[in-house]
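See below for the structure under consideration.
The values are calculated or read from the model by the stated rules, or taken from the named source; none is laboratory data. Every value quoted in this text rests on a predicted model; they were computed, and no experiment measured them. Cβ placement follows ideal geometry from the backbone for every residue including glycine, while neighbour counts extend to all protein chains displayed. The accessibility values were calculated without ligands, DNA or RNA, using every heavy atom of the protein model including side chains. Shrake-Rupley method; radii C 1.70, N 1.55, O 1.52, S 1.80 Å.
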Amino acid sequence: MAMEFNQMLYANYQRVAYIHTMDREQGDIDYSRKVADFLQVDFTELQGNMDLFRALVSGEWDERFIIVEPGQILEQKQFM
């Protein structure tokens, strides 16, 4: 019954991706691969970086960010 629940919960998942942003942690990669195996989906490793996160926390918001003022309505067209 638990396996059926998991299959329904993750039915639309197609892959598990490990995104390298800092030092490679083999244990984390191995765990991610086990999760992919358990879910019976593909596993992939991607190269990432911390640039977007650094900009977010430092307040250096540019065109990569959508800034929503209090009371402003967020619309789908702002994402395009």
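Okay, here's what the table says:
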| read-out | value |
| --- | --- |
| Pair list, Cβ < 6 Å and 6+ apart or interchain, from segment 6-18 residues that are without any contact (Cβ under 8 Å) to a residue 60 or more places away in the chain to residues that are of a type in the set (Phe, Trp, Tyr) | VAL16/PHE43 |
| Hits in segment 1-47 (condition: within 30 Å of ILE67 (Cβ to Cβ) and modelled with pLDDT of 90 or more) | ALA17, ILE19, HIS20, LEU46, GLN47 |
| Counted residues, segment 15-48 - those being of a type in the set (S, T, N, Q) and under 13 Å from the mean Cα position of the chain (by Cα) | 4 |
| So LEU74, is it assigned to a helix (DSSP H, G or I), open to solvent by less than 100 Å² (accessible area, probe 1.4 Å) and not charged (D, E, K, R) | no |
| Cβ-Cβ under 7 Å pairs, at least 6 apart or on other chains, segment 27-51 side in contact (Cβ under 8 Å) with a residue 24 or more places away in the chain, far side part of a helix (DSSP H, G or I) and not hydrophobic (A, V, I, L, M, F, W, C) | PHE43/SER32; PHE43/ARG33 |
| Qualifying position, being charged (D, E, K, R) and not in a helix (DSSP H, G or I), among GLU69, GLU4 | GLU69 |
| Count of residues meeting criterion [surrounded by 10 or more Cβ atoms within 10 Å (Cβ to Cβ) and either part of a helix (DSSP H, G or I) or not small (Gly, Ala, Ser) (or both)] in segment 48-65 | 12 |
| Residue in segment 18-47 that is farthest from PHE5 (Cα to Cα), counting only those that are part of a strand (DSSP E or B) and out of contact with any Phe, Trp or Tyr (no Cβ under 6 Å at 6 or more places or on another chain) | GLN47 |
